[in-house]
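The values are calculated or read from the model by the stated rules, or taken from the named source; none is laboratory data. Here the structure is a predicted model, which means the values were calculated and not measured. Cβ coordinates were reconstructed from backbone atoms using ideal geometry, including for glycine residues, and neighbour counts include every protein chain displayed. We work out accessible area using only protein heavy atoms, side chains counted, and drop any ligands, DNA or RNA first. Shrake-Rupley method; radii C 1.70, N 1.55, O 1.52, S 1.80 Å.
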Amino acid sequence: MRTPTRRTVLGSALAAAGTGLLTACSSGSMKGMDHGSMDRGPASGTGSPAAAPAGYLTPNGPEVAAAEARRNPGPERKVALTATETTLDLGGRTVRSWAYGDRLPGQEVRATVGDTLAVTLANHLPQPTSLHWHGLALRNDMDGVPGLTQADVKPGASFEYRFALSHPGTYWFHPHSGVQQDRGLYAPLIVEDPKEPLAYDKEWVVVLDDWVDGIDGSTPDAVLAELAKGMGGMGGMGGMDHSGGSGHDMSSMPGHDMSGMPGRGSAPGGGGPSRMLMGAQSPLLGGDAGDVAYPFHLVNGKLAAAPETFTAKPGDRIRIRLVNAGGDTAYRVALGGHELTVTHTDGFPVEPATTQALLLGMGERYDVLVTAKDGVFPLTALAEGKNATALAVLRTGGGAAPDASVRPAELDGRLLTAGQLKADPGVRLPAKAPDRTVKLELTGGMAKADWAFNGRAYDPAQRYPVAAGERVRLEFRNSTAMWHPVHLHGHSFALPGDGPRKDTAIVLPGTTLAVDFDADNPGLWMVHCHNVYHAETGMMTVLGYQA
């Protein structure tokens, strides 16, 4: 069988789009489109890129090619990835899931800034898939969003992602197809700086994840099916949502408790027990901590009962690259007996700041430096508001490994969030008034599973216009009763007041966050909540560069 190449698949798809043959871009035709057999409502579609409304650039247009040429693509770094069904060992517990090869996380990809990354993805899954390069400012037709920037990679087919790496940092990749990211389909991407200014002896890449796939019959698709039904039909639930004060206050509901545990029933239509989470509360997150009761939390694919151990010598300076690859969980992270010096967030340097604990929303990354003490120390990731932890171990000397339930005092000590950081002067955006403000109200709730921006569920044909060269302000106003980690594709934005450069930022309930970016990467770019279940039930939209 002949396997289509990236160029034939994308070329034919865009040609079809150009002749108006695609119908998936209308809001009506998007409803019910999915990546399998489940009706996911008005979220992401499949198939070819949406036909562009008049006046917008296309993902593979000449402007995109010109922007890529300005990145001066350098030596080629070739990688082969196979997305496949496999058995994964979580550390004494095996599960069937989907992953890149037979590893969890997938094999780390490491390259150097200026390289051309050439990744061939072979799809051995029973569903179409894709690869999104989270945090990278790359060419638009390689961004990996089926129905917007590329065609699906069908089962049995392959696709070559090829783009220049323009900025060093800690990144990761995952599908942008349904809720596949909440399986084992993720891996870190480290872009090294040949002029690295930091001095350190060792490097430890730490990927955090919440896990449900293959546990007692559960799958992320079944979780989405349960959540997408909303809670309006449940006894005593009429009118409750995330836009009022009631939130998830289910204390009077039969079958649910208030300690961050799931209901006692089964997921509707099968697919394991109910995974709908009730009563998970966190002051750090402004109240409601999450929607999904995950049975496990992992560090580098391992359960706390069988943690990964990283070895070093006393006095070693260790760079820890932290990635939150979770679907619905924020993690509070601390290393027992140590302070953390934050040096980067989302790939960009910050003025160094020392803390005892860090809060990471889904999709966020932080780089920290630690000077290792002598002994055995827990690196603990508390599932914020969910009464569970993940664990890894730093060992520099003798001693017993920490217990799986260990909770280092640093978790409750001085905590740092992104808004407290300042960008390194070398990466600050020059002071400039915005040329355009795009107002995005975060709306909806769990009662009807109607998460959206500005009350409108995702439609790939709906675009918020921007123009090349503009300073754009995104104004996120969260009118829901839940926190959301918002992610912008293809760009980094600056938090207010010389704040850090980021691509993912937490917006707490009842607050407004205004961030600025320079429109310097043409194309069609997603903005979405990086809670995969919020995104797939509608909290996604598109910024479109005007032609």
Any chance region 533-545 includes a residue that's crowded, with 23+ Cβ neighbours inside 10 Å and within 20 Å of GLY419 (Cβ to Cβ)?
no
Being assigned to a loop (DSSP other than H, G, I, E, B), of a type in the set (Gly, Ala, Ser) and farther than 20 Å from GLY286 by Cα: is that true of ALA390 here?
no
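Among the candidates LEU359, LEU421, single out the residue that is within 30 Å of PHE476 (Cα to Cα) and touching a helix residue (DSSP H, G or I) at 6+ places or on another chain (Cβ under 8 Å).
Of the residues listed, the single one that is within 30 Å of PHE476 (Cα to Cα) and touching a helix residue (DSSP H, G or I) at 6+ places or on another chain (Cβ under 8 Å) is LEU359.
Check ALA468, ALA452 and return the single one that is open to solvent by 10 Å² or more (accessible area, probe 1.4 Å) and either closer than 15 Å to HIS528 by Cβ or not charged (D, E, K, R) (or both).
Working: ALA452 fails: open to solvent by 10 Å² or more (accessible area, probe 1.4 Å).
The unique qualifying residue is ALA468.
The rows are residues; the columns are (1) open to solvent by 30 Å² or more (accessible area, probe 1.4 Å); (2) over 18 Å from ASP346 (Cα atoms); (3) touching a helix residue (DSSP H, G or I) at 6+ places or on another chain (Cβ under 7 Å); (4) at pLDDT 95 or above.
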residue	(1), (2), (3), (4)
GLN107	yes, yes, no, yes
LEU131	no, yes, no, yes
THR149	no, yes, yes, yes
ASP152	no, yes, no, yes
PHE159	no, yes, yes, yes
Checking the conditions here, which among PRO434, PRO425 is surrounded by 15 or more Cβ atoms within 10 Å (Cβ to Cβ) and either within 30 Å of ALA312 (Cα to Cα) or more than 24 Å from the chain's Cα centre (by Cα) (or both)?
PRO434
Restricting region 170-216 to residues that are among the charged types (D, E, K, R) and in contact with a Lys or Arg (Cβ under 7 Å, 6 or more places away or on another chain), the residue that is nearest to GLU384 (Cα to Cα)
ASP213
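Is there a residue being within 30 Å of LEU303 (Cβ to Cβ) and aromatic (Phe, Trp, Tyr) anywhere in region 47-70? Outline the logic, then answer.
Filtering region 47-70 down to residues within 30 Å of LEU303 (Cβ to Cβ) leaves none.
Looking through region 47-70, none of the residues is within 30 Å of LEU303 (Cβ to Cβ) and aromatic (Phe, Trp, Tyr).
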Within region 501-547, can you find the residues that are among the acidic types (Asp, Glu) and either in contact with a Leu (Cβ under 7 Å, 6 or more places away or on another chain) or free of Cβ contacts under 8 Å to residues at least 24 places away in the same chain (or both)?
ASP503, ASP516, ASP518, GLU536
Counting only residues in region 510-521 that are in a loop (DSSP other than H, G, I, E, B) and open to solvent by less than 10 Å² (accessible area, probe 1.4 Å), the one farthest from PHE453 (Cα to Cα) is identified as ASN521
Output yes when any residue across region 165-188 is open to solvent by less than 20 Å² (accessible area, probe 1.4 Å), of a type outside the set (D, E, K, R) and more than 19 Å from the chain's Cα centre (by Cα), and no when none is.
yes
Just the residues that are buried (at least 23 other Cβ atoms within 10 Å of the Cβ), in a strand (DSSP E or B) and not polar (S, T, N, Q), please, taken from region 474-509.
LEU474, MET482, HIS484, VAL486, HIS487, PHE493, ARG501, LYS502, ALA505, ILE506, VAL507
Pair list, Cβ < 8 Å and 6+ apart or interchain, from region 368-394 residues that are at pLDDT below 95 to residues that are buried (at least 24 other Cβ atoms within 10 Å of the Cβ):
ASN387/ALA280
Tell me the residue from ALA353, ALA401 that is surrounded by fewer than 23 Cβ atoms within 10 Å (Cβ to Cβ) and part of a loop (DSSP other than H, G, I, E, B), please.
ALA401
Could you check SER282 against (1) within 27 Å of ALA409 (Cα to Cα); (2) at pLDDT below 95; (3) within 27 Å of the chain's Cα centre (by Cα) and say which number it fails?
(2)
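Out of curiosity, is VAL393 open to solvent by less than 30 Å² (accessible area, probe 1.4 Å) and of a type in the set (A, V, I, L, M)?
Spelling it out, VAL393 is indeed open to solvent by less than 30 Å² (accessible area, probe 1.4 Å) and of a type in the set (A, V, I, L, M).
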Please tell me if LYS373 is touching a Gly at 6+ places or on another chain (Cβ under 8 Å), open to solvent by 10 Å² or more (accessible area, probe 1.4 Å) and part of a loop (DSSP other than H, G, I, E, B).
yes
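Please indicate, with yes or no, whether at least one residue in region 467-475 is farther than 28 Å from ALA67 by Cα and either among the basic types (Lys, Arg) or touching a helix residue (DSSP H, G or I) at 6+ places or on another chain (Cβ under 7 Å) (or both). Even if it seems obvious, please write down each step before you answer.
Initial filter on region 467-475 (farther than 28 Å from ALA67 by Cα): none.
Checked region 467-475: no residue is farther than 28 Å from ALA67 by Cα and either among the basic types (Lys, Arg) or touching a helix residue (DSSP H, G or I) at 6+ places or on another chain (Cβ under 7 Å) (or both).
Which of the residues that make up region 209-228 are of a type in the set (D, E, K, R), open to solvent by less than 10 Å² (accessible area, probe 1.4 Å) and within 15 Å of GLY290 (Cα to Cα)?
Quick first cut of region 209-228, residues of a type in the set (D, E, K, R) only: 209-210, 213, 216, 221, 226.
From the residues that got through so far, the ones that are open to solvent by less than 10 Å² (accessible area, probe 1.4 Å) too are 209-210, 213.
ASP209, ASP210 - these are the residues of region 209-228 that are of a type in the set (D, E, K, R), open to solvent by less than 10 Å² (accessible area, probe 1.4 Å) and within 15 Å of GLY290 (Cα to Cα).
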Could you check THR345 against (1) open to solvent by 40 Å² or more (accessible area, probe 1.4 Å); (2) in contact (Cβ under 8 Å) with a residue 60 or more places away in the chain and say which number it fails?
(1)
The lone exception for PRO430 - which of (1) in contact (Cβ under 8 Å) with a residue 24 or more places away in the chain; (2) under 28 Å from GLU63 (Cα atoms); (3) not acidic (Asp, Glu) it fails
(1)
Count of residues meeting criterion [open to solvent by less than 30 Å² (accessible area, probe 1.4 Å), in a strand (DSSP E or B) and of a type outside the set (A, V, I, L, M, F, W, C)] in region 301-342:
4
